[in-house]
Amino acid sequence: MDKTLIRELLADHSRNPRNYGALTDPDIEHGTSNPRCVGPTHPDGDEITLTANLSDETPPVVETVQFSGEGCTLSQATASLLSERMIGTPVADIVEWDSETIENAVGMDLTPSRLQCAELVLVAFRNAVGDR
């Protein structure tokens with residue numbers, strides 16, 4: 001994907017995040033942070049809280065998902081991008097997503113420090129499932 005298109009995609013998802021907010025009575029919920037990524041808009045680092053409702057079928061599928069938080073463009077844009085992909089996907093499949101899944105979603109290779117920003121919503125999802 002063209003670098004300009006990637007920047008535009010990430011900026012759009014950061015400014016206009018999809019699935020932003022919090023579900024009232026979620027089946028799973030978890031908040032997590034990355035204190036290493038600080039900036040003027042997020043002096044305490046990246047923060048993501050994920051809420052989701054799962055189907056009753058076996059295996060369970062994500063029916064709805066929302067996230068809230070603040071942080072760098074990459075953390076917020078990836079949360080938006082991955083939340084779109086989560087809907088309709090089996091929980092077991094999402095738990096198996098890896099750095100390649102994230103890099104495919106954002107359209108570029110990520111350094112280890114940038115991957116920590118990008119994977120925040122996935123970390124929150126895995127922890128929420130583990131808390132269940």
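Please report, to one decimal in angstroms, the Kirkwood hydrodynamic radius of the chain built from all distinct Cα-Cα pairs.
14.6 Å is the Kirkwood radius here.
Averaged per residue, what accessible surface does region 1-95 expose to a 1.4 Å probe, in Å²?
Each residue of region 1-95 exposes 53 Å² on average to a 1.4 Å probe.
How much mean residue ellipticity at 222 nm does the chain get from its helices, if each DSSP H run of length 4 or more adds -39500 (n - 2.57) and you divide by all residues, to the nearest 500 deg cm²/dmol?
Only helices count here, giving -13000 deg cm²/dmol.
In whole Å and largest first, what semi-axes does the C-alpha gyration tensor of region 64-116 yield when each eigenvalue is scaled by 5 and square-rooted?
Result for region 64-116: semi-axes of 18, 15, 9 Å.
The values are calculated or read from the model by the stated rules, or taken from the named source; none is laboratory data. Remember, predicted model here, so these are calculated numbers, not experimental data. The protein model used for the area step is the full one, side chains on, heavy atoms only, and it has no ligands, DNA or RNA in it. Shrake-Rupley method; radii C 1.70, N 1.55, O 1.52, S 1.80 Å.
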